[in-house]
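Heads up, the thing below is written out as structure tokens.
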Protein chains: 2
Amino acid sequence: MAPWAERLAGVRGVLLDISGVLYDSGAGGGTAIAGSVEAVARLKGSRLKVRFCTNESQKSRAELVGQLRRLGFDISEREVTAPAPAACQILKERGLRPYLLIHDGVRSEFDQIDTSNPNCVVIADAGESFSYQNMNNAFQVLMELENPVLISLGKGRYYKETSGLMLDVGPYMKALEYACGIKAEVVGKPSPEFFKSALQAIGVEAHQLLSM
Amino acid sequence: MAPWAERLAGVRGVLLDISGVLYDSGAGGGTAIAGSVEAVARLKGSRLKVRFCTNESQKSRAELVGQLRRLGFDISEREVTAPAPAACQILKERGLRPYLLIHDGVRSEFDQIDTSNPNCVVIADAGESFSYQNMNNAFQVLMELENPVLISLGKGRYYKETSGLMLDVGPYMKALEYACGIKAEVVGKPSPEFFKSALQAIGVEAHQLLSM
């Protein structure tokens, strides 16, 4: 067998990252990475199951998918595994009411979540919303809880934009961990549970998977 | 000997913390802690050497001493060991030009420091100045250096104000450490060098010291 055919033997599904794999984000909606629109079309035309698995947490899935479709990608919301909906499921299962330290662009994902009288904090890549006031609010919520729960959508250190390197959620997660003497629960890559939920969505086992 | 006399045998000097020991900070200049004005006066009237050793880094020594004097304390600037002047000495010795992520109240301590074309970052309890933009500026300065130097004035987790608990410099130091994969140099308590400089100022050895 050719090397590629060998690597693909037994593969039944493909997980595709979005930012940096399908497109580069930036002003004006970003740009598709050369060949990626065609690659997605060919994968979806093949016998392979395809799932999009992203740590994007500044935008709702609706906004992200809209942006990708405008760039020519064949993609729908229900094909995307993202941290915000995964976090919502955890919040509902555990009866948690979060203080949300998040970007306004992703707030709509939490529309169905009760945020009154918070008993946990959800932190995501909040950008300019990482003000001292908002960080201190999150800190005060955690310090008033007997068992402080901090859920972090990813733990990335930084990402690249056309304007330069930007701090991601990870540093702010570390700040709250240190301030409160706690450990955050990470929802999103590289959490195994997050990958598992993406696999379940396409009915594929880990050993049958190709991820890029 | 009485227990106290026993503990004081051989003691030649006393290090006094300021915030939380001499006074409680807060709106309108804070309030002296009961008995502390008299205690300082008695210590200074005794055979003991007295030094004030603080991690205060939102105010210049001039402002801090002015505030304490208005509360009735017998204290002068030259009796205070504080992180900002200690950091300035390090910056001068090592030819470092800092990007200053600090509170405006302490900026005057750095008047004699060259801050053009920064080759390090100095971080202190910056309060509202811990904006995303300022944190990102500090991060970008560090990421552009071959050997990133991050100097942190203390590493406190939080402190108490009349309005509630407030995040101190430590969490933000941890955020930059994680983002850049580096370790900060802490100037201020609990750094041994910082205590040593306070002892040198009064010519007292560590074993001759009482600290509170």
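Taking the stated definitions as given, is B:Lys196 within 14 Å of chain A (Cβ to nearest Cβ), at pLDDT below 95 and open to solvent by 50 Å² or more (accessible area, probe 1.4 Å)?
Working: within 14 Å of chain A (Cβ to nearest Cβ): no; at pLDDT below 95: yes; open to solvent by 50 Å² or more (accessible area, probe 1.4 Å): yes.
No: the conditions fail for B:Lys196.
Tell me which residues, restricted to segment B:68-87, are open to solvent by 20 Å² or more (accessible area, probe 1.4 Å) and not hydrophobic (A, V, I, L, M, F, W, C). Let's see the steps before the verdict.
So in segment B:68-87, the residues open to solvent by 20 Å² or more (accessible area, probe 1.4 Å) come out as B:69-72, B:74, B:76-79, B:85-86.
Correct list: B:Arg69, B:Arg70, B:Gly72, B:Asp74, B:Ser76, B:Glu77, B:Arg78, B:Glu79, B:Pro85.
Among the residues of segment A:50-81, how many are touching a residue at least 60 places away in the same chain (Cβ under 8 Å) and under 22 Å from A:Leu167 (Cβ atoms)?
3
Report, by residue number, each residue of segment A:109-138 that is β-branched (Val, Ile, Thr) and open to solvent by 10 Å² or more (accessible area, probe 1.4 Å). Full working, then the answer.
Narrowing segment A:109-138 to residues β-branched (Val, Ile, Thr): A:113, A:115, A:121-123.
A:Ile113, A:Thr115, listed by residue number.
How do the pairs read when you match residues in segment B:193-212 that are in contact (Cβ under 8 Å) with a residue 60 or more places away in the chain and of a type in the set (Phe, Trp, Tyr) with residues anywhere that are crowded, with 18+ Cβ neighbours inside 10 Å and part of a helix (DSSP H, G or I), using Cβ under 8 Å and keeping only pairs 6 or more apart or on different chains?
Going by the 8 Å Cβ cut-off, the qualifying pairs are B:Phe194/B:Pro83; B:Phe194/B:Ala86.
Where in segment A:100-191 are there strands (runs of 3 or more DSSP E), lying wholly inside it, with at least 2 residues that are closer than 21 Å to B:Gly164 by Cα and more than 8 Å from chain B (Cβ to nearest Cβ)? Steps first, answer last, please.
Details: elements: A:120-123, A:150-153, A:158-161, A:164-167, A:185-187.
Where strands (runs of 3 or more DSSP E) fall fully within segment A:100-191 and carry at least 2 residues being closer than 21 Å to B:Gly164 by Cα and more than 8 Å from chain B (Cβ to nearest Cβ), they are A:120-123.
Looking at segment B:155-186, which of its residues are of a type in the set (Ser, Thr, Tyr), within 15 Å of B:Ser19 (Cβ to Cβ) and open to solvent by 60 Å² or more (accessible area, probe 1.4 Å)? Break it down into steps so the answer makes sense when it comes.
First pass over segment B:155-186, keeping only residues of a type in the set (Ser, Thr, Tyr): B:158-159, B:162-163, B:172, B:178.
Next cut, within 15 Å of B:Ser19 (Cβ to Cβ) only: B:158-159, B:162.
Once the filter is applied, which keeps residues that are of a type in the set (Ser, Thr, Tyr), within 15 Å of B:Ser19 (Cβ to Cβ) and open to solvent by 60 Å² or more (accessible area, probe 1.4 Å), segment B:155-186 yields B:Tyr158, B:Thr162.
Could you list, in sequence order, the residues of segment B:33-69 that are of a type outside the set (Phe, Trp, Tyr), assigned to a strand (DSSP E or B) and closer than 27 Å to B:Gly170 by Cβ?
So in segment B:33-69, the residues of a type outside the set (Phe, Trp, Tyr) come out as B:33-51, B:53-69.
Right, trim to assigned to a strand (DSSP E or B) and you get B:49-51, B:53.
Scanning segment B:33-69 gives B:Arg51, B:Cys53.
Six or more apart or on different chains, Cβ under 8 Å: which pairs go from a residue in segment A:138-161 that's within 17 Å of A:His103 (Cα to Cα) and without any contact (Cβ under 8 Å) to a residue 40 or more places away in the chain to one that's of a type in the set (Phe, Trp, Tyr) and in a strand (DSSP E or B)? Could you list them?
A:Ala138/A:Tyr99
Could you identify the single residue in A:Gly13, A:Gly26, A:Gly20 that is more than 23 Å from A:Val187 (Cβ to Cβ) and either of a type in the set (Gly, Ala, Ser) or in the same structural domain as A:Leu153 (by the TED database) (or both)? It would help to see each step written out before you state the result.
Working: A:Gly13 fails: more than 23 Å from A:Val187 (Cβ to Cβ); A:Gly20 fails: more than 23 Å from A:Val187 (Cβ to Cβ).
Within the list A:Gly13, A:Gly26, A:Gly20, the selection yields A:Gly26.
Scan A:Asp24, A:Asp17 and give me the residue that is surrounded by 14 or more Cβ atoms within 10 Å (Cβ to Cβ), at negative phi, charged (D, E, K, R) and within 13 Å of the chain's Cα centre (by Cα).
Working: A:Asp24 fails: within 13 Å of the chain's Cα centre (by Cα).
None of the others qualify; the one that does is A:Asp17.
Can we say A:Lys196 is farther than 18 Å from B:Met135 by Cβ, of a type outside the set (Val, Ile, Thr) and part of a helix (DSSP H, G or I)? Steps first, answer last, please.
Working: farther than 18 Å from B:Met135 by Cβ: yes; of a type outside the set (Val, Ile, Thr): yes; part of a helix (DSSP H, G or I): yes.
When the stated conditions are applied, A:Lys196 passes them.
Output the residue which, of all residues in segment A:88-99 that are surrounded by fewer than 17 Cβ atoms within 10 Å (Cβ to Cβ) and assigned to a loop (DSSP other than H, G, I, E, B), is farthest from the other protein chains (Cβ to nearest Cβ).
Filtering first and then ranking leaves A:Gly95.
The values are calculated or read from the model by the stated rules, or taken from the named source; none is laboratory data. Note that the structure is a prediction, hence the values are computed from the model and not measured. Note that each Cβ is placed from the backbone with ideal geometry, even for glycine, and that neighbours are counted across all protein chains shown. Each accessible area value is taken on the protein alone, full model and side chains, heavy atoms only, with ligands, DNA and RNA left out. Shrake-Rupley method; radii C 1.70, N 1.55, O 1.52, S 1.80 Å.
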